[in-house]
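In what follows, a single structure is set out as structure tokens and then discussed.
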Amino acid sequence: MDRISALRNVEEALRAFEDGEADLATTEKRVVGVLRTYATDFEGEESLFRATAPDAAAGAVVVAPSAHAAAERIVSLRDLDCDRDEVDIEHV
């Protein structure tokens, strides 16, 4: 899914919510689904990386040019009190 398609799908979900055709929980699920599909199909010069450890970082997924850069991003985003070398990363 490209960015324009993702944005259109999110817009449709928001419109349904605003029009009373969907409740908040349904809208949230739909938007999360769009984001997950976009991330799974992500195409670009960078790749998706997921942190597997430490626990405070585990599960975080970021777009980065390398595992090293992904670890730096995750440390920054999660405001971790550790060095990027302490973050285990896997390519998604």
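The values are calculated or read from the model by the stated rules, or taken from the named source; none is laboratory data. Since the structure is predicted, the reported quantities are computational estimates derived from the model, not experimental observations. Reconstructed Cβ throughout: ideal geometry from the backbone, glycine too, with neighbour counts over all protein chains shown. Areas reflect the complete protein model, heavy atoms only, side chains present, ligands, DNA and RNA absent. Shrake-Rupley method; radii C 1.70, N 1.55, O 1.52, S 1.80 Å.
Sum -39500 (n - 2.57) across every DSSP H segment of at least 4 residues in the chain, then divide by the residue count to get the 222 nm mean residue ellipticity, nearest 500. Don't skip to the answer; put the middle values down first.
Working: 3 runs with 44 residues, N = 92.
Theoretical 222 nm ellipticity from helices: -15500 deg cm²/dmol.
Normalise the Debye intensity by I(0) for the range 40-92, one equal point scatterer per Cα, no solvent, then take log10 at q = 0.16, 0.19 Å⁻¹ and round to two decimals.
The Debye formula, applied to the Cα set alone, gives -0.37, -0.52.
Count charges around residue 18 for me, please; just the other residues with Cβ under 15 Å from its Cβ, Lys/Arg as +1, Asp/Glu as -1.
Values: positive: 15, 30; negative: 11, 12, 19, 21, 23, 28.
Here the count lands on -4.
Summarise the accessible area of the chain (1.4 Å probe, protein heavy atoms) by the percent that is carbon and sulfur. Spell out each step's value before the answer.
Numbers: 3070 of 6410 Å².
For the chain, the apolar C and S fraction of the accessible surface comes to 48 percent.
Ignoring the sites themselves, what is the longest stretch of the chain with no GluC sites (Glu not before Pro) in a DSSP loop and at most 11 other beta-carbon atoms within 10 Å?
Here the longest run is 46-92.
Using the Cα gyration tensor of the range 1-52, with a ≥ b ≥ c the square roots of its eigenvalues, what is the shape: rounded (a/c below 1.5), prolate (a/b larger than b/c) or oblate (neither)?
On the way: a/c = 4.77, a/b = 1.93, b/c = 2.47.
Taking the square roots of the gyration eigenvalues as a ≥ b ≥ c, the range 1-52 is oblate.
Could you give the accessible area per residue of the chain, probe 1.4 Å, as a whole number in Å²? Present the calculation step by step, with values, prior to reporting the outcome.
On the way: 6410 Å² over 92 residues.
So the chain comes to 70 Å² accessible per residue, rounded to a whole number.
How big is the equivalent ellipsoid of the chain along its three axes, where each semi-axis is √(5λ) from the Cα gyration tensor, reported in whole Å from largest to smallest?
Semi-axes from the Cα gyration tensor: 31, 16, 9 Å.
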